[in-house]
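The structure appears right after this line, and notes come after that.
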Amino acid sequence: LHSFPTRRSSDLMLKLIPLLTLAISATAWSGELTIKVTNIKHAGVLYAAVYDDKEVFESDKGESSQQRPGIVGGLVKKVTPGEAEGTIELKEGTYTIAFYIDKNGNEKIDTNFLGVPKEQFGFSNDVMGRFGPPSFEAASFDHENETVLTMKAK
(Lines give C-alpha, C1' and ligand atoms only; values in the text may rest on other atoms or scores of the structure.)
Protein backbone atom coordinates (compact mmCIF):
# COMPACT_ATOMS: atom_id res chain seq x y z
CA LEU A 1 0.00 0.00 0.00
CA HIS A 2 1.09 3.53 -0.70
CA SER A 3 0.98 6.19 1.92
CA PHE A 4 -0.26 9.60 0.78
CA PRO A 5 0.39 12.75 2.76
CA THR A 6 -2.47 13.79 4.94
CA ARG A 7 -4.02 17.20 4.64
CA ARG A 8 -2.28 18.15 7.84
CA SER A 9 1.24 17.32 6.52
CA SER A 10 0.60 19.08 3.20
CA ASP A 11 -0.57 22.19 5.08
CA LEU A 12 2.64 22.09 7.09
CA MET A 13 4.70 21.86 3.87
CA LEU A 14 2.88 24.86 2.40
CA LYS A 15 3.78 26.86 5.49
CA LEU A 16 7.42 25.73 5.44
CA ILE A 17 8.08 26.54 1.76
CA PRO A 18 8.02 30.35 2.24
CA LEU A 19 10.22 30.03 5.32
CA LEU A 20 12.74 27.87 3.45
CA THR A 21 12.74 30.29 0.53
CA LEU A 22 13.36 33.20 2.90
CA ALA A 23 16.19 31.32 4.63
CA ILE A 24 17.85 30.45 1.32
CA SER A 25 17.60 34.00 -0.01
CA ALA A 26 18.93 35.41 3.27
CA THR A 27 22.04 33.26 3.01
CA ALA A 28 22.65 34.49 -0.56
CA TRP A 29 23.38 37.97 0.85
CA SER A 30 26.54 37.90 2.87
CA GLY A 31 26.57 41.47 4.08
CA GLU A 32 28.09 44.86 3.53
CA LEU A 33 31.07 45.73 1.42
CA THR A 34 32.73 48.88 2.76
CA ILE A 35 34.73 50.77 0.16
CA LYS A 36 37.38 53.19 1.42
CA VAL A 37 39.35 55.44 -0.92
CA THR A 38 42.42 57.28 0.38
CA ASN A 39 44.79 59.89 -1.11
CA ILE A 40 41.99 62.02 -2.62
CA LYS A 41 43.65 65.23 -3.83
CA HIS A 42 40.67 67.21 -5.22
CA ALA A 43 37.00 67.61 -4.44
CA GLY A 44 34.69 65.87 -6.87
CA VAL A 45 32.39 62.89 -7.24
CA LEU A 46 33.63 59.38 -6.56
CA TYR A 47 32.28 56.80 -9.01
CA ALA A 48 33.04 53.22 -7.95
CA ALA A 49 31.75 50.21 -9.88
CA VAL A 50 31.69 46.64 -8.54
CA TYR A 51 32.07 44.07 -11.33
CA ASP A 52 31.30 40.35 -11.32
CA ASP A 53 32.05 39.88 -15.03
CA LYS A 54 35.60 39.71 -16.40
CA GLU A 55 34.73 40.85 -19.95
CA VAL A 56 32.71 43.84 -18.78
CA PHE A 57 35.46 44.92 -16.37
CA GLU A 58 38.28 44.56 -18.89
CA SER A 59 36.37 46.42 -21.64
CA ASP A 60 35.08 49.31 -19.49
CA LYS A 61 36.89 52.57 -20.26
CA GLY A 62 35.06 54.75 -17.71
CA GLU A 63 33.23 56.59 -20.47
CA SER A 64 29.85 56.31 -18.76
CA SER A 65 28.66 56.30 -15.17
CA GLN A 66 25.50 54.36 -16.07
CA GLN A 67 24.56 50.97 -14.56
CA ARG A 68 24.82 48.03 -16.99
CA PRO A 69 25.02 44.21 -16.94
CA GLY A 70 28.23 42.93 -15.34
CA ILE A 71 28.22 45.75 -12.78
CA VAL A 72 26.48 44.46 -9.67
CA GLY A 73 26.85 47.46 -7.40
CA GLY A 74 28.35 50.84 -7.10
CA LEU A 75 28.96 53.94 -5.12
CA VAL A 76 28.46 57.56 -6.17
CA LYS A 77 29.52 60.05 -3.54
CA LYS A 78 30.69 63.66 -3.31
CA VAL A 79 34.19 63.74 -1.87
CA THR A 80 36.67 66.27 -0.54
CA PRO A 81 40.45 65.95 -0.27
CA GLY A 82 41.54 63.20 2.12
CA GLU A 83 39.55 59.98 2.18
CA ALA A 84 36.01 58.78 1.57
CA GLU A 85 34.00 55.74 2.53
CA GLY A 86 30.71 54.12 1.58
CA THR A 87 28.96 50.78 1.91
CA ILE A 88 26.82 48.59 -0.32
CA GLU A 89 24.99 45.29 0.21
CA LEU A 90 26.51 42.52 -1.84
CA LYS A 91 26.12 38.77 -2.27
CA GLU A 92 28.99 36.48 -1.42
CA GLY A 93 31.31 36.10 -4.41
CA THR A 94 34.38 37.25 -6.32
CA TYR A 95 34.42 40.85 -7.51
CA THR A 96 36.62 43.61 -8.87
CA ILE A 97 36.26 47.35 -8.26
CA ALA A 98 37.28 50.25 -10.48
CA PHE A 99 36.82 53.86 -9.42
CA TYR A 100 37.58 57.40 -10.50
CA ILE A 101 37.10 60.82 -8.99
CA ASP A 102 35.31 63.14 -11.40
CA LYS A 103 36.58 66.60 -10.48
CA ASN A 104 34.91 68.50 -13.35
CA GLY A 105 31.42 66.96 -13.13
CA ASN A 106 31.16 65.45 -16.64
CA GLU A 107 30.45 61.90 -15.32
CA LYS A 108 33.37 60.25 -17.11
CA ILE A 109 37.10 59.88 -16.55
CA ASP A 110 39.02 62.45 -18.56
CA THR A 111 42.17 61.35 -20.37
CA ASN A 112 44.94 63.06 -22.33
CA PHE A 113 45.61 62.41 -26.04
CA LEU A 114 47.51 59.21 -25.14
CA GLY A 115 44.60 57.86 -23.08
CA VAL A 116 46.30 58.45 -19.72
CA PRO A 117 43.76 59.51 -17.06
CA LYS A 118 43.87 63.17 -15.98
CA GLU A 119 41.61 62.48 -12.99
CA GLN A 120 42.38 60.23 -10.02
CA PHE A 121 41.42 56.57 -10.32
CA GLY A 122 42.21 53.14 -8.92
CA PHE A 123 41.33 49.47 -8.67
CA SER A 124 40.75 46.92 -5.96
CA ASN A 125 43.96 45.46 -4.50
CA ASP A 126 45.65 48.73 -5.62
CA VAL A 127 46.83 46.93 -8.76
CA MET A 128 47.64 48.68 -12.01
CA GLY A 129 47.93 47.35 -15.53
CA ARG A 130 50.93 48.03 -17.72
CA PHE A 131 49.12 49.91 -20.48
CA GLY A 132 45.55 50.10 -19.23
CA PRO A 133 43.47 48.52 -16.51
CA PRO A 134 44.69 45.41 -14.69
CA SER A 135 43.23 41.99 -15.35
CA PHE A 136 40.06 40.96 -13.54
CA GLU A 137 42.03 38.26 -11.71
CA ALA A 138 44.70 40.67 -10.45
CA ALA A 139 42.13 43.10 -9.08
CA SER A 140 39.65 40.52 -7.79
CA PHE A 141 38.79 39.86 -4.17
CA ASP A 142 36.44 37.49 -2.36
CA HIS A 143 33.54 39.02 -0.46
CA GLU A 144 32.11 37.09 2.48
CA ASN A 145 30.12 38.50 5.41
CA GLU A 146 31.49 41.98 6.13
CA THR A 147 34.35 43.08 3.86
CA VAL A 148 36.34 46.32 4.10
CA LEU A 149 38.36 47.20 1.02
CA THR A 150 40.77 50.16 1.12
CA MET A 151 42.11 51.54 -2.15
CA LYS A 152 44.51 54.42 -2.86
CA ALA A 153 43.58 56.95 -5.53
CA LYS A 154 46.38 57.33 -8.10
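The values are calculated or read from the model by the stated rules, or taken from the named source; none is laboratory data. These numbers were taken from a predicted model, which means no experiment stands behind them. A quick note on method: Cβ atoms are made from the backbone with ideal geometry, for glycine too, and the neighbour counts reach across all protein chains shown. What goes into the accessible areas is simple: the full protein's heavy atoms, side chains included, and nothing from ligands, DNA or RNA. Shrake-Rupley method; radii C 1.70, N 1.55, O 1.52, S 1.80 Å.
Annotations
- Most to least packed among 136-147, 47-58 [average Cβ atoms within 10 Å]: 47-58, 136-147
- Solvent exposure ordering (accessible area, 1.4 Å, most first) of Ile109, Ile35: Ile109, Ile35
- The per residue volume of the convex hull around the alpha-carbon atoms of the stretch 71-154 is 105 Å³.
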